[in-house]
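Have a look at the structure below, then the notes.
Bear in mind these aren't lab numbers, they're just calculated from the coordinates by the rules spelled out. Here the structure is a predicted model, which means the values were calculated and not measured. Here Cβ is always computed from backbone atoms with ideal geometry, including for glycine, and neighbour counts include all displayed protein chains.
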Amino acid sequence: MNHTPNNHFDASAEGLKNLRKLTRQYGRYSKNAVGLGHVIGGGLLFLSAYLVDHNQPGKFGRLLLGVAPFGWIYCKEWLREHYYQFCGKVEQRKKVWENPLQVLLTGITASISLAASGFAIYILLKNFSWELLLGSLVYVAVLLAIPFIVWRYLRAPYEFIVGVALFLFSAILLGGTLLPGARDVFVWGFLFVRYFMALAEIVALVMIPVGLVQHLEFLKLRRKMRRVSKEAA
Amino acid sequence: MRPDLEELLAVDRLVHEPARLVILTVLAEAEAVEFPFLAKVSGLSKGNLSSHISKLDQAGYLEVNKSFRGKIPSTSLKLTPSGRNALRKYRQHLKRALRRKS
């Protein structure tokens, strides 16, 4: 009786080597490779940074850009689960340093979120108004959501940079600019803000080709897997 | 019996079987793998694959987790430390035996 699988992934040394490579390549799309998610995130970040930096968007534009990062998270997770892992989920192997790094990054973002939220609440208590209360609530809610989003959805390094930048813009655009001290902070921290915007634009521009390359690699991998299943049939 | 042949015959037969070797090789490259991927890349029928999986599960080489994703049942497989160890030992064993033979 021959138990050898009837495709080119036989149990020969070469066959097993190919199989290992294919599993690793496919598994990358469960975590590190985001493909089109990177392209969308990069485009969105570039647009947010550019508009905030060069051309203050109006109310509708602010609302749209502020909500967009949540749409991006949904879109990227949908692509990961239903498009890139089209043939069942393969979880990429974890490296030893991944969990401690994730804890560290979540801890850092949680500290920054708490500090910025504390600052917003301090300003609100000093200059209470109903409009400011609403703005502060939205601002604090988005800020406090960032550590959770980092822990749950931003596992790849590029994802982390783009995601955190996008949600910071979201917090500022949705509620942060209503705070009376916000303008002072922008002026006081002018250099830092300029630096952050420029950095965000550069990262965004890098993300787009990275995502496109990952997507093209995926298309190649999918063709290869379809060929395998045709040969097996 | 010649010592090189004796060594070759002493390989873990549970791992040595080609279909099971393919399953363990795939699982060794990931944290967890769902059944459809394994079926696709191995080219084995669902029944055949299930039978090999249950043998490896009985030996404690892999862990089977059944759950539901929405209304769709999903089976996820994970290599246990003992399965990883068995695969590593099998590779070493085979390399040693082949080196001795050549």
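A few notes on this one:
- Put a plus charge on the Cβ of each Lys and Arg, a minus charge on the Cβ of each Asp and Glu, and nothing anywhere else: the dipole of the range A:18-123 about its Cα centre is then about 540 debye.
- Projecting the Cα atoms of A:Y122, A:Y158, A:Q85 onto the charge dipole of the range A:49-171, computed from C-beta unit charges around the Cα centre, puts A:Q85 farthest toward the positive end.
- Nitroxide proxy distance, nm - points 7 Å out along Cα→Cβ at A:L125 and A:H54: 4.2 nm
- Size of charge dipole - chain B - debye, nearest 20, with Cβ of Lys, Arg +1 and Asp, Glu -1, no other charges: 180 debye
- The gain in end-to-end length when the A:N32 to A:V210 segment is fully stretched comes to 62.9 nm, 0.36 nm per residue minus the alpha carbon separation.
- Each of B:H52, B:A97, B:I72 was scored by the projection of its Cα onto the charge dipole of the range B:5-102, and the greatest displacement toward the positive side belongs to B:A97; charges sit on the C-beta of Lys, Arg, Asp and Glu.
- Placing a label point 7 Å from the Cα of A:W78 along the Cα-to-Cβ direction, the residues of the range A:37-67 with a backbone N closer than 15 Å are A:37-38, A:40-41.
- Taking a point 7 Å out from the Cα of B:L9 in the direction of its Cβ, the residues of the range B:77-102 whose backbone N falls within less than 17 Å of it are B:94, B:97-98, B:101.
- For the pair A:A141 and A:K95 in one chain, pulling the backbone fully straight at 0.36 nm per residue adds 13.3 nm over the alpha carbon distance.
- Sites listed here are chymotrypsin sites (Phe, Trp or Tyr not before Pro) in the range A:55-131 whose DSSP assignment is loop and whose Cβ has at most 12 other Cβ atoms within 10 Å: A:W97, A:F128.
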